[in-house]
Amino acid sequence: MTDYAEVIERIYREVTPYWGAGKVADYIPALAQVDPRQLGIVVDTLDLNTCKVGDADVPFSVQSISKVFTLTMVVRLIGEELWKSVGREPSGNPFNSLVQLEYEQGLPRNPFINAGALVVTDRLISLYPRPKEALIDFVRSLCGTDDIYYDHHVAKSERLHADRNMALAYFIKSFGNIHNDVETVIDVYCHQCALAMSCTDLARSFLLFANRGVNPLNGEQVLTESQTKRIGALMATCGFYDESGDFAYRVGLPGKSGVGGGIVAYMPGKLSMAVWSPELNSYGNSLIGIEAFERFTTDIRSSIF
Ligand code: GLN
């Protein structure tokens, strides 16, 4: 059996020389202040064995990784209906791009670019009377801990610098594809981005996808097998924006990144893994995170391909 602890400890030593090669997100002051030289790596297996190294238990801003949780909450309630409002193709554009929206008539390419995530958040608001509370309860149930919270400092900073996301939301609304008040949508969106979780939490929460839609902590079937496959397919094709092809090429796992520097991915039927290192590459993905993942799947000689 593979000794994951030994593997991630070695990877930790191999990737720390890359410190300084990327750049911490600076579009909001709250993220620009994060100490860049942090690195956590966690592997969690379906039998709930966790291996960790470095800053594995430090909570950080999950940012766009939250798009997987909101998508899961919406898909489990309305299923295929969602795809009338959001596409399922990679965009090939940066996460916050506006360009495709006009000629595609307000129908975002996929739920992981900001435009698509805003539509998903809009549906979350329509479906759940208290969406922010519902989201945090859902994530807590996946992590098996109540120690998950919204970082209100980040949420506020996010809201103060949300001009582009506001523009996206108003533009989509002009096509009738956002149903709620834009201010409310942006408020929930800024909070979901400001969810604070550690690598340990993130890896645990993604066991759901590795386990065919069943929460391994309580046996609850959260998603059907088919819904799990579909969300996994979206992560594999769109989870890293315009670097999704390269992540598939180098790593070969479905996963999701956020500009807080977190990446979480999983191997169906086996394990999940989370890496956090705040310095980003030019696509807005953790530079050291991708290095670590590439080494991991190369080392254990296993991927979905
Ligand atoms: N809060 C960020 C935004 O909407 C999230 C982006 C990301 O993590 N890629 O711009």
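The values are calculated or read from the model by the stated rules, or taken from the named source; none is laboratory data. Not measured: the values here are computed from a predicted model. We place every Cβ from the backbone using ideal geometry, glycine too, and count neighbours over all the protein chains shown.
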- request: Mind listing whichever residues of the stretch 233-277 are farther than 19 Å from residue 205 by Cα, buried (at least 22 other Cβ atoms within 10 Å of the Cβ) and within 15 Å of the ligand (Cβ to nearest atom)?
  value: 238, 241, 244, 247
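Do the conditions hold for residue 133, that is, is it modelled with pLDDT under 95, among the acidic types (Asp, Glu) and away from the ligand (no atom under 16 Å from the Cβ)?
No.
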field: Of residues in the stretch 112-129 being within 12 Å of the ligand (Cβ to nearest atom) and of a type in the set (A, V, I, L, M), the one nearest to residue 235 (Cα to Cα)
entry: 113
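Can you tell me which residues in the stretch 17-34 are within 16 Å of the ligand (Cβ to nearest atom) and either among the acidic types (Asp, Glu) or assigned to a loop (DSSP other than H, G, I, E, B) (or both)?
Result: 22, 25, 26, 27, 28, 33, 34.
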query: Looking at (1) surrounded by fewer than 22 Cβ atoms within 10 Å (Cβ to Cβ); (2) under 18 Å from residue 239 (Cα atoms), which is the only condition residue 132 fails?
result: (2)
Scope the stretch 185-207; condition in contact with a strand residue (DSSP E or B) (Cβ under 8 Å, 6 or more places away or on another chain) and of a type in the set (A, V, I, L, M); matching residues: 194, 195, 196, 197, 202, 203, 207
task: Out of 178, 186, report the one residue that is within 16 Å of the ligand (Cβ to nearest atom), hydrophobic (A, V, I, L, M, F, W, C), in a helix (DSSP H, G or I) and surrounded by 18 or more Cβ atoms within 10 Å (Cβ to Cβ).
output: 186
message: Against the condition modelled with pLDDT of 95 or more, part of a helix (DSSP H, G or I) and among the charged types (D, E, K, R), how does residue 37 come out, does it pass?
response: no
- request: Give just the number: which of (1) surrounded by fewer than 17 Cβ atoms within 10 Å (Cβ to Cβ); (2) in contact with a strand residue (DSSP E or B) (Cβ under 7 Å, 6 or more places away or on another chain); (3) in contact (Cβ under 8 Å) with a residue 12 or more places away in the chain does residue 31 not satisfy?
  value: (1)
statement: A careful count of residues in the stretch 57-92 that are away from the ligand (no atom under 15 Å from the Cβ), among the hydrophobic types (A, V, I, L, M, F, W, C) and within 16 Å of residue 195 (Cα to Cα) gives 2
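If you go through the stretch 210-220 one residue at a time, do you hit one that is more than 25 Å from residue 165 (Cα to Cα) and surrounded by 24 or more Cβ atoms within 10 Å (Cβ to Cβ)? Explain how you work it out, then say what you get.
Residues of the stretch 210-220 more than 25 Å from residue 165 (Cα to Cα): 210-220.
From what's left, surrounded by 24 or more Cβ atoms within 10 Å (Cβ to Cβ): 210.
Checked against the condition, which is being more than 25 Å from residue 165 (Cα to Cα) and surrounded by 24 or more Cβ atoms within 10 Å (Cβ to Cβ), the stretch 210-220 yields at least one hit.
Which residue, of 43, 7, is closer than 14 Å to residue 275 by Cβ, away from the ligand (no atom under 16 Å from the Cβ) and crowded, with 23+ Cβ neighbours inside 10 Å? Don't jump to the end; show me each part of the working.
Numbers: 7 fails: crowded, with 23+ Cβ neighbours inside 10 Å.
Going through 43, 7 in turn, the sole match is 43.
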- prompt: From 148, 178, which residue is of a type in the set (Val, Ile, Thr) and over 25 Å from residue 272 (Cα atoms)?
  reply: 178
field: Within the stretch 143-165, tally of residues that are free of Cβ contacts under 8 Å to residues at least 12 places away in the same chain and either within 12 Å of the ligand (Cβ to nearest atom) or on the phi > 0 side of the Ramachandran plot (or both)
entry: 1
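Out of the residues in the stretch 86-118 meeting the condition of being small (Gly, Ala, Ser) and buried (at least 22 other Cβ atoms within 10 Å of the Cβ), tell me which one is nearest to residue 248 (Cα to Cα).
Within the stretch 86-118, the first condition is being small (Gly, Ala, Ser), and the residues that meet it are 87, 91-92, 97, 106, 115-117.
Now narrow it down to the ones that are buried (at least 22 other Cβ atoms within 10 Å of the Cβ): 91, 115-117.
On the way: 91: 15, 115: 23, 116: 21, 117: 21 Å.
This residue is 91.
Going by the structure shown, is residue 199 more than 14 Å from the ligand (Cβ to nearest atom) and under 27 Å from residue 54 (Cα atoms)? Steps first, please.
Numbers: more than 14 Å from the ligand (Cβ to nearest atom): yes; under 27 Å from residue 54 (Cα atoms): yes.
Yes, satisfied.
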- prompt: Of the residues in the stretch 190-237, how many are part of a loop (DSSP other than H, G, I, E, B) and of a type in the set (S, T, N, Q)?
  reply: 5
